[in-house]
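So the structure is just underneath, and the comments pick up after that.
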Amino acid sequence: MKRNLGHTIRSAHEGMTKGDFTAKDLRADYLTKIKNRNPELNAYLSVFDENTLTTKPSTLNPDAMLTGISCAIKDNMLIEGTITTAGSKILENYTAAYDATVISKLKNAGVTFLGKTNLDEFAMGSSTENSAYGPTKNPLDPTRVPGGSSGGSAAAVAGDLAVFALGSDTGGSIRQPAALCGVVGLKPSYGRVSRHGLIAMASSLDQIGPLTKNVEDAAIVLNAIAGHDKFDSTTVPHEVPDFTAGLDGDIKGLRVGVPKEYFGEGLSAEVREKVLEGIEALKNRGAEIIDISLPYSEYALAAYYIVMPCEVSANLARLDGIRYGHSTKNAENLLEVYTKSRAEGFGSEPRRRIMLGAYALSSGYYDAYYLRAQKVRALIRRDFEEAFKNVDVIVGPTSPTTAFKIGDKSSDPLSMYLADIYTVAINLAGVPAISVPCGLGKESNLPVGFQIIGKMFDEATILRAAYVLEQEIND
Amino acid sequence: MLTDKEAKPRIESHGLSSTVVQHIAKLARIELTPDEEDRMKRDLSSILGYIDQLNKVDTDAVEPLYQTTGLVNAMRADEHLNSFPMDERLNERLVGQAPHKSGRYIKVKEVLKAK
């Protein structure tokens with residue numbers, strides 16, 4: 001039996017068009033659920049009551065699927081006039097001065113915002129334990145992590161504290177928590193969705209995407225948030241297709257690549273078993289399964305841990321205690337304003353990554369680290385380009401394990417980094433990928449995520465394949 | 001004479017020294033206590049040890065990849081769009097959030113020392 005996750009976008013939309021309930025009822029219902037369950041889960045950092053609500057639940061437009069739908073937003077995206085912390089003490093009182101482009105687009109679509117969700121500080125982590133506001137708990141087992149960094153968004157969707165949520169993904173931060181919480185998480189192609197108003201972590205890797213209860217919802221939300229934006233010149237001017245159009249259940253002849261590197265050492269037996277069953281299910285529906293190799297994938301995590309911290313150290317340099325955010329009370333001179341404000345404001349993971357980036361970019365080390373990592377990145381990208389000459393999608397596990405216990409990996413940064421071993425290469429290459437639940441692990445009885453990777457800007461095909469897999473999964 | 005390959009900078013195995021960690025902390029503008037410095041030394045050394053494996057990849061003939069969309073020179077018409085009209089409210093949300101200010105000005109500690 002599939003777990004009932006509560007309202008999807010379609011079911012809520014149909015309930016409202018039939019007159020069973022109003023957008024206001026739906027919102028009130030979710031606010032009650034949040035009130036009851038959030039003290040335990042800590043999925044939300046802030047909840048908007050009617051008075052701070054920035055958009056009124058709009059009049060129902062029967063053609064617009066998102067009208068009146070209640071959603072949650074990861075607390076690193078700006079909603080004008082509300083606090084945006086990025087999970088950090090350094091931005092504890094920061095009020096957004098404008099709407100992120102994804103927020104304006106959702107407002108135009110008639111979405112109402114329930115609140116802002118917890119995350120690892122500045123989206124740095126794979127468990128949401130790095131949040132300065134305490135960890136989020138996995139709604140399926142509150143002794144376990146929800147994954148991260150979009151753990152609050154994943155927990156909100158999995159615990160039915162929102163119809164859907166937005167997250168951001170720099171190295172797996174949408175897909176991995178989606179996998180660990182048993183929901184759908186989509187990282188669009190780099191350049192598909194505007195990053196304007198997203199608090200930047202690593203600018204060449206970050207993408208915003210949906211966490212949803214099913215594949216159709218992911219397509220609906222992507223329809224609403226995708227597209228070129230004059231405020232983000234890295235968005236592409238390509239036409240945005242209707243991503244729901246290909247959800248017809250037909251994958252006959254679809255060429256599915258299975259990289260041997262994604263099934264090696266470190267992959268837990270129960271995840272392996274479920275993912276192989278998922279591949280079998282795609283085959284039974286007419287897909288052609290092709291063994292492939294992505295030879296440079298073993299270097300992806302090492303390259304990522306140079307490229308990402310370098311960009312982090314540049315992006316977080318703006319937090320200096322001068323213009324906004326936390327400022328020390330103990331500075332004797334200007335330099336101490338910087339060094340003490342940053343020491344007091346940043347938690348240990350951002351500090352580590354800023355330091356690592358500053359080191360890798362420093363005089364004498366640039367060629368050895370940054371340049372070399374960007375060359376390895378080119379090889380990783382080439383792997384995907386070569387593979388996609390012969391296959392339409394690439395599949396494998398999203399995460400090597402199911403949800404781990406709170407505290408299990410938090411003392412050793414490197415072991416935490418390994419949680420993203422199957423997801424970081426996708427960000428380095430820029431291609432889109434989706435995590436879709438493929439059943440419960442035999443040992444842990446917890447959800448396993450199945451990752452489907454697509455060609456650049458071909459979200460339509462991964463959604464098509466994910467939709468079929470979703471139909472085939474029964475637990 | 002060094003061959004081309006030998007002359008290229010290589011990633012060293014770590015052990016970072018305290019001097020290096022202090023230097024990085026200064027570049028990063030983050031003050032560390034002695035305890036934090038020890039912890040940072042251990043963590044960074046372990047991460048850099050993992051990153052060492054990039055040395056195994058032959059990257060000699062590879063061009064680095066800095067971005068993935070292939071867009072070049074994304075430009076727009078040089079027009080005033082007035083997307084964020086400045087008013088008291090926006091001013092308050094921008095300058096108003098500075099921790100130290102005087103009216104509409106942001107205050108900083110002295111930059112040049114008086115003789």
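A compact table of results
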{"read-out": "Set A:Lys187/B:Lys101; A:Lys74/A:Lys389; A:Lys107/A:Lys187 screened for pairs whose C-alpha atoms are more than 30 Å apart", "value": "A:Lys187/B:Lys101; A:Lys74/A:Lys389"}
{"read-out": "Equivalent ellipsoid semi-axes, the range A:1-156, via Cα gyration tensor eigenvalues times 5, rooted, Å", "value": "26, 20, 12"}
{"read-out": "Fraction of beta bridges assigned by DSSP in the protein assembly as shown that are antiparallel (%, nearest 5)", "value": "70"}
{"read-out": "Alpha-carbon Debye profile of the range A:97-175, log10 I(q)/I(0) at 0.17, 0.21 Å⁻¹", "value": "-0.65, -0.93"}
{"read-out": "Which of B:Met86, A:Met355 has the fewest Cβ neighbours within 10 Å, and the rest in rising order", "value": "B:Met86, A:Met355"}
{"read-out": "Karplus (6.51, -1.76, 1.60) ³J(HN,Hα), θ = phi - 60°, over the range A:178-186, in Hz, Gly and Pro reported as x", "value": "4, 4, 6, 9, x, 10, 8, x, 10"}
{"read-out": "Phi to ³J(HN,Hα) by Karplus 6.51 cos²θ - 1.76 cosθ + 1.60 over the range A:293-302, Hz, x for Gly, Pro", "value": "10, 10, x, 8, 5, 5, 9, 4, 5, 5"}
{"read-out": "Distance between the range A:23-41 and the range A:361-424 - C-alpha centres, whole angstrom", "value": "37"}
{"read-out": "Theoretical gain in end-to-end length, A:Asp29 to A:Glu298 [0.36 nm per residue, Cα-Cα removed]", "value": "92.2 nm"}
{"read-out": "Order of A:Ser435, A:Ser131 under a 10 Å beta carbon neighbour criterion, fewest first", "value": "A:Ser131, A:Ser435"}
{"read-out": "Loop-located trypsin sites (Lys or Arg not before Pro) in the range A:385-443, at most 12 other Cβ atoms within 10 Å (DSSP)", "value": "A:Lys389, A:Lys442"}
{"read-out": "Along chain B, longest interval not containing exposed GluC sites (Glu not before Pro), exposed being DSSP loop plus at most 13 other Cβ atoms within 10 Å", "value": "B:13-78"}
{"read-out": "Charge dipole (debye, nearest 20) of the range A:9-252; +1 at Cβ of Lys and Arg, -1 at Cβ of Asp and Glu", "value": "180"}
{"read-out": "q = 0.09, 0.13 Å⁻¹: log10 I(q)/I(0) that the Debye formula gives for the protein assembly as shown, counting C-alpha atoms only", "value": "-0.67, -1.42"}
{"read-out": "The range A:281-310 residues near the modelled A:Gln471 label - backbone nitrogen below 11 Å, point 7 Å along Cα→Cβ", "value": "A:285-286"}
{"read-out": "Vicinal HN-Hα couplings computed from phi for the range A:190-195 (Karplus, 6.51 cos²θ - 1.76 cosθ + 1.60; Hz; Gly/Pro x)", "value": "4, x, 7, 10, 5, 9"}
{"read-out": "GluC sites (Glu not before Pro), loop per DSSP, at most 15 other Cβ atoms within 10 Å - longest free stretch of chain A", "value": "A:93-238"}
{"read-out": "Distance in nm between pseudo-label sites at A:Arg382 and B:Lys107 (7 Å out along the Cβ direction from Cα)", "value": "5.8"}
{"read-out": "Interchain or long-range residues, amide H under 5 Å from A:Gly125's placed H", "value": "A:Ser149"}
{"read-out": "Sequence-distant residues sharing a close amide H with A:Glu288 (under 5 Å, placed H)", "value": "A:Gly253, A:Leu254, A:Arg255, A:Val256"}
{"read-out": "Cα pair distances exceeding 13 angstrom across the range B:56-115, given as percent", "value": "80"}
{"read-out": "Label-point gap, in nm, between A:Glu92 and A:Glu265 - each point 7 angstrom along Cα→Cβ", "value": "4.5"}
{"read-out": "Sorted by Cβ neighbour density within 10 Å, fewest at the top, the residues A:Ser46, A:Ser149, A:Ser70", "value": "A:Ser46, A:Ser70, A:Ser149"}
{"read-out": "Convex hull volume of the range A:62-103 per residue (C-alpha atoms, cubic angstrom)", "value": "79"}
{"read-out": "Computed E for A:Glu277/B:Val95 - FRET, C-beta separation, R0 41 angstrom, nearest 0.05", "value": "0.10"}
{"read-out": "A:Leu294 long-range amide H proximity, modeled H, under 5 Å", "value": "A:Lys260, A:Glu261"}
{"read-out": "10 Å Cβ neighbours from other chains, averaged over peptide A:121-127", "value": "0"}
{"read-out": "Diffusion coefficient, µm² s⁻¹, Stokes-Einstein with Kirkwood Rh over alpha-carbon pairs of chain B at 20 °C and 1.002 mPa s", "value": "103"}
{"read-out": "Helix-only CD estimate at 222 nm, as mean residue ellipticity for chain A, using -39500 (n - 2.57) per DSSP H run (n ≥ 4)", "value": "-10500 deg cm²/dmol"}
{"read-out": "Pair B:Asp52, B:Phe84: separation of 7 Å Cα→Cβ label points (nm)", "value": "4.6"}
{"read-out": "Trypsin sites (Lys or Arg not before Pro) restricted to the range A:234-281 and DSSP loop, no more than 11 other C-beta within 10 Å", "value": "A:Lys252"}
{"read-out": "Alpha-carbon centroid distance for the pair the range A:84-123 / the range A:149-211, whole angstrom", "value": "13"}
{"read-out": "Number of partner chain Cβ atoms within 10 Å, mean per residue of A:288-300", "value": "1"}
{"read-out": "Farthest toward positive dipole pole in the protein assembly as shown [+1 Lys/Arg, -1 Asp/Glu at C-beta], among A:Asn284, A:Ala154, A:Ser11", "value": "A:Ala154"}
{"read-out": "Average beta-carbon neighbours from other chains, 10 Å sphere, peptide A:374-381", "value": "5"}
{"read-out": "Net charge dipole size for chain A [Lys, Arg +1 and Asp, Glu -1 on Cβ; Debye, nearest 20]", "value": "520"}
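Read the figures in this text as sums done on the coordinates, not as results from a lab. Remember, it's a predicted structure, so these values are computed and weren't measured experimentally. We place every Cβ from the backbone using ideal geometry, glycine too, and count neighbours over all the protein chains shown.
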